[in-house]
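**Q** One structure follows; several queries about it will come next.
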Amino acid sequence: MPALDSTPLLPTSVIGSHGLPGWLYGALEMIEVGRFGPTDERELFDDAVRMAIGDQERAGVDFISDGEMRRWKFVQSFYRRMTGLQSEGPLRKLGPEAYDSVPRYQAVERIRVPQGLGIVDEFRFLKANSSHGLKATCPGPATISIHIRERPSVYKNRLELAGEFVEVINAELKELVKAGADYIQIDEPSHSIIGGSARDYIELFNRSVKGVKARIALHICFGNLASRARFERTYAPLFPAIMDADADELVFEFANREMREVELAARITEKFDLGAGLVDVKSFHQEPPALVATRLREVLKHAPAERVRVVPDCGFFTVPRWLCVSKLTNMVAGTRIVREELAGPARLRRNPGRSRSMKRA
């Protein structure tokens, strides 16, 4: 696996999830009706991960994930690993699929995750099947709690419920590091979902990554193609609290907001690297490389290239595989256009600098 200090200028990466092929949807339906045994399921998901790895490598992405192919609706699969939950089913079963179309749960007692989240095993398989630059991804405490209702007799509010997952996540991240992960991304939605302040939100994040000796990225999400944002799509309310995040990189989406708030890049890169979302996963538009390059040049008006990483706005879970591959390929090609424009003897490769996370206590 390439070392972080060999990272190219303007490295490309993914947010996490990859587009699912049609055959995987068909297989999942067969699993639901009991047509697959344990070995069948293992082979299915192993093959799906290998497919995602191959797609990302062929697209030329510098840091890839396992495509999160073993997860469903991003967090739904994690609930099977928990105790203290009572299933309530979806709130809505008719009409377009969205946030309220997935199963919901109520906390009937203190939630426990006795065997962890399973992300370490996901990463081990990824590492065994790729020599590429790798990124491990983990939902943050607010994200994990997103489909759970707090019962007042168990958790007084959503902030306390989200806090239940801090130690679980922290333990998972430390085991990821032991397994060889040196680049880990935490995914969180708008802080408004937990009902606390931006500082409450950042405090939850900082506790989750305390003592984790890896490069840490914090991705703030406004939803994917099927699950649009629940709140105003602006990062402004997170400032100045987010500047106290114990992270190395902040990952913001810009493409689907027509590059709104791109000027925040200057403020972010005073302290952090910026993962700039330059491909819109909420659109079927196959942005040509020239458009990706134009968006990247806009970011570079506000931030030094040495501080910028290029990513899609969000994950590709709800995007067809063919479109996902097209967008990733064009993202890489557009980034290469700008790399060539900036190229010079001293700038062909860069050292990302000392990671604050390596001293995270």
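Computed from the coordinates by the stated procedures, all read-outs in this text should not be read as laboratory data. Everything numeric in this text was worked out from a predicted model, so none of it was measured. Because the Cβ atoms are built from the backbone with ideal geometry, glycine has one as well, and the counts that use them run over all protein chains shown.
**Q** Mind checking which aspartates and glutamates have their C-alpha under 16 Å from K178, skipping anything on the same chain fewer than 8 residues away?
**A** D121, E122
**Q** Let me ask another. Considering only DSSP beta bridges whose two residues both sit in the chain, what percent are antiparallel, to the nearest 5?
**A** Here the antiparallel bridges make up roughly 15 percent for the chain.
**Q** Using Cα pairs under 8 angstrom and six or more residues apart, how large is the relative contact order of the chain, in percent?
**A** 22
**Q** With +1 assigned to the C-beta of every Lys and Arg and -1 to the C-beta of every Asp and Glu, and no other charges, what is the dipole magnitude of the stretch 142-219 about the Cα centre in debye, to the nearest 20?
**A** 100
**Q** Could I ask something else about it? Taking Cα centroids, how far is the stretch 163-182 from the stretch 239-290 in Å?
**A** Taking the Cα centre of each part, the stretch 163-182 and the stretch 239-290 sit 25 Å apart.
**Q** Counting residues in the chain as N, plug N into 2.2 N^0.38 Å and put the Cα Rg over that result.
**A** Ratio of Rg to 2.2 N^0.38 Å for the chain: 0.95.
**Q** Could you tell me which helices of the chain pass both thresholds, a Cα extent of 24 Å or more along their own axis and a mean Kyte-Doolittle hydropathy of at least 0.0, with helices taken as whole DSSP H runs?
**A** Within the chain the helices that satisfy the rule are 321-342.
**Q** Would you mind getting me the FRET efficiency between D40 and V154? Use the beta-carbon distance for r and R0 = 56 Å, nearest 0.05.
**A** 0.90
**Q** Cross-link list K73/K174; K135/K327; K210/K327; K156/K282: which exceed 23 angstrom alpha carbon to alpha carbon?
**A** As for pairs spanning more than 23 Å Cα to Cα, those are K73/K174; K210/K327; K156/K282.
**Q** Right, another one. Suppose every Lys and Arg Cβ carries +1 and every Asp and Glu Cβ carries -1, with no other charges. What dipole size does the stretch 4-353 come out with about its Cα centre, to the nearest 20 debye?
**A** With Lys and Arg at +1 and Asp and Glu at -1, about 180 debye.
**Q** Okay, moving on. Is it possible to state the helix-based mean residue ellipticity at 222 nm for the chain, with each DSSP H run of 4+ residues giving -39500 (n - 2.57), the sum divided by total residues, to the nearest 500 deg cm²/dmol? What is it?
**A** -10000 deg cm²/dmol
**Q** Moving on to the next point. Less than 12 Å Cβ to Cβ from M51, Lys/Arg counted +1 and Asp/Glu -1: what total charge do the surrounding residues give?
**A** -2
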